[in-house]
1. Would region 442-583 count as rounded, prolate or oblate if I go by the C-alpha gyration tensor, calling it rounded below 1.5 in a/c and otherwise prolate when a/b exceeds b/c, oblate otherwise?
2. Starting with the highest mean, order 77-83, 119-125 by the number of other Cβ atoms within 10 Å, averaged over the residues of each peptide.
3. Rounded, prolate or oblate: pick one for region 174-243, where a ≥ b ≥ c are the square roots of the eigenvalues of its C-alpha gyration tensor, a/c under 1.5 means rounded, and failing that, prolate if a/b is larger than b/c, else oblate.
4. Using θ = phi - 60° and the Karplus form 6.51 cos²θ - 1.76 cosθ + 1.60, what ³J(HN,Hα) does each residue of region 537-550 get, whole Hz, x for Gly and Pro?
5. Using the structure shown, select from Lys66/Lys199; Lys51/Lys80; Lys140/Lys160; Lys330/Lys685; Lys330/Lys367; Lys440/Lys685 the pairs with a Cα to Cα distance greater than 26 angstrom.
6. May I ask you to rank Phe175, Phe509 by accessible area, largest first, using a 1.4 Å probe over the protein chains only?
7. Between Ala333 and Thr238, how high is the FRET efficiency from 1/(1 + (r/R0)^6) when r is the Cβ-Cβ distance and R₀ = 41 Å? Nearest 0.05.
8. Cβ neighbours within 10 Å, averaged per peptide: list 636-642, 420-426 in order, most packed at the top.
Amino acid sequence: PCAQRTRLRDMAAQIAGEEDLRATAAAEGRERDGGEGAGCREGVPETLRAKLWRALAENGQALKPKEMRESCAFYDAVRKDARRGEGVDVVVDVCGGHGALGMLFVAHGAAKRALIIDQLRPTSHRGLLNAWGPFLGAEKEPITYEERPLQVALPEVLAKHGSRCFVVACHACQFLARDIIDCCLAAGASFAVCPCCPKDEQGRVQAAAQAMGVDFGAAMVLAEMGRLSVHCDVRLRTFDSAVSPMNRILLGRAGPATSTAEDVSSKREAASRLQAAYERAQRRRPQDVAPSEDRPSGRTGITSAELQACKASKTLATDQKEYEEQLLRKSTAVASILRPLAGGEGRLAERLLSMDDGMEVRRSPVKHFRARTVVPLGDAREEGAEGLFRFVADPQGHLQLVATLAVDTLLPPIAASLPLLAELLSGESRALQAGLRCLKFHASLGGEPRQLLVCLIYGPDGEAPTEEALAVLREALHARLASTDGTAEVTVMAQARNVQRCVPEGRDFVDERLTVAGRDAPLRYRQPFGQFSNPNPHIAIATAEWLSDVIRTSVGSGNGDCANTDLLELYCGAGSHTVALAPLFRHVLAVEINRHLVTGCQNNVADNGLENVTVVRAPSEEFCKRVLKKRSYQIREKDGSTKLQLEFGCTIVDPPRAGLDSLTLEAVTGYDHVLYVSCNPEALKRDLDMFLGTHDVCRLVLLDHFPFSAHAEVAVHLRRRAAAAAAAEAA
């Protein structure tokens, strides 16, 4: 107890000192207490917050300082909102435990009374009430406690106090947070809720967050804000993540989010402008010549609006002229995004933004470039059904393939199998249609024979077919492919409600073979179903060759000699770059967070006979703290002794769409050579802005993974100016 009292007293003094240093006189004016007993330090009145901490310390209560800091941070984040309008009579602290949050509202005058709701009142509540009693106002019973489940107590409290109450909850779990918010919406009460432990039962938000490279917790908060926006005025408040990483507060203000007459008028005007724009665009398009396969269509490229407007029975032509036109527009768009970084010393060279000068381009074939696709099952009456390809059923239940992009953009095994599967699923394997939501395809470019994986995905009401039924479908598809001169090694899978079946058993992957210039043998990649792999193997080859060329010509001892240089690769995935570049370095340390991709990378390293690669599973930001800033790493023997000391002269980063996190970005700027592969030019622009303080962009390449789309991938080689100067001096 003595040691604890000392720690709390020291903490109170520290916080009191921090409070006095804040330049928030206006905000603190209502919270300062200059009356008797306030105490002074060098003539400065002690703040109310400091008094509360000191009272807690002097009473020696066993309340965790972390919980107090969280309560204070929460209150500070929402106190202005609580005081808005006519103010608050009662603050309702749900899942409040010790009740510190509710007491803070009363002590600071943001509410007259506080009501704490929790199933069990902890002993710390009584101790805290004794310590803070003198600061809780003149009300007869400023603090009351309801020891009942919130689902029972909260509706009764809201019905009694109406709109003059403010509901708060600090770190209620995801499900309880939703229960609290729904009660407030039903009663028309304002609320501030900080959810913790995000949970997504169906996994849809989590899958979307992973695909976009977004933090799962942030994605859940945004999803909840979207749900609430139609019911109330919802805002986001945050506090310092150093206090708690769960620092996002959903603030909902009472009253439905209904549209005013002005809103309706604004929407109508916007709709009129959009309609006029469509009409102008339609008038500009040639209507007198019908496009055909052997005549250019007159189109200037593919946009999402055009894809939706295409008739279900037509496909889009793929010709070289059209491809070059859309590639020019794509490079212009990338240049437009990056141009604010150009101009002047230490900035991006203007020449790198022109295809006619310094911007390199790696073109895709216009046909047979897509190694993966998804084909949903739709209804022929659904004109707006999603997907570049889909199966629709006629009134008799026969499936027909509908495409909004030419089928010959797919690798040959997939393109050949689509009409055959429509026929099989309409005939001898028709029973497999029941509950079927979509089919996913994955094929290989190299190897003999080529490989084709088809997975049938069933909805919540569907049952996974038996292995016998899948075997029948596999044999029939294999035979029909052979008869059309489309021989492929076929795997058929089915997934439904956490059940997966595979024929042949255990073969839920595709083995790819890619021939890269400068390598004696094709590179071997095992690509597990459902895990990331490059969708365009032609550009995967081009990327490997471009990276290899940069390393051979620019990295190492100034002449591309990297035999004594170690490579650090972040976001290595299943080893697409790792396998291609490892022979150019002394040793490669490859880092990935996804355990499935780590296993895939390890397998690919072994399959290619590479002995100079170490694969580590770790988040890049966590890895920064231990390794990145040191630019070195020790590989240890089993007995703990050092086997190899790595000194990194080059790093490759291939982050998700969000780009590099701030910690990784700061650490990577210390490397002499950085190869940055970006699938989002906007994120690349943001990160390059920081790199340009210390690095020059030596080369830039546009990698066209997705022809006939707006998506662009860009890679750059950055060289630290100090390293360039040292190399020039040595030369």
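The values are calculated or read from the model by the stated rules, or taken from the named source; none is laboratory data. The shown structure was predicted, so the numbers you read here are calculated from the model rather than taken from an experiment. Glycine gets a Cβ as well: all are built from the backbone with ideal geometry, and neighbour counts include every protein chain shown. Each accessible area value is taken on the protein alone, full model and side chains, heavy atoms only, with ligands, DNA and RNA left out. Shrake-Rupley method; radii C 1.70, N 1.55, O 1.52, S 1.80 Å.
1. Details: a/c = 3.83, a/b = 2.15, b/c = 1.79.
Verdict is prolate for region 442-583.
2. Highest-to-lowest ranking by the protection proxy: 77-83, 119-125.
3. Values: a/c = 1.88, a/b = 1.44, b/c = 1.31.
The shape class here is prolate.
4. x, 4, 7, 4, 5, 4, 5, 4, 5, 5, 4, 4, 5, 4
5. Working: Lys66/Lys199 24 Å; Lys51/Lys80 21 Å; Lys140/Lys160 19 Å; Lys330/Lys685 16 Å; Lys330/Lys367 18 Å; Lys440/Lys685 34 Å.
Among Lys66/Lys199; Lys51/Lys80; Lys140/Lys160; Lys330/Lys685; Lys330/Lys367; Lys440/Lys685, the Cα-Cα distance tops 26 Å for Lys440/Lys685.
6. Numbers: Phe175 95, Phe509 30 Å².
The ranking, largest first, comes out as Phe175, Phe509.
7. Details: r = 33 Å, r/R0 = 0.81.
Working from the Cβ atoms, E equals 0.80.
8. Numbers: 636-642: 7.7, 420-426: 20.1.
Peptide ranking by packing, descending: 420-426, 636-642.
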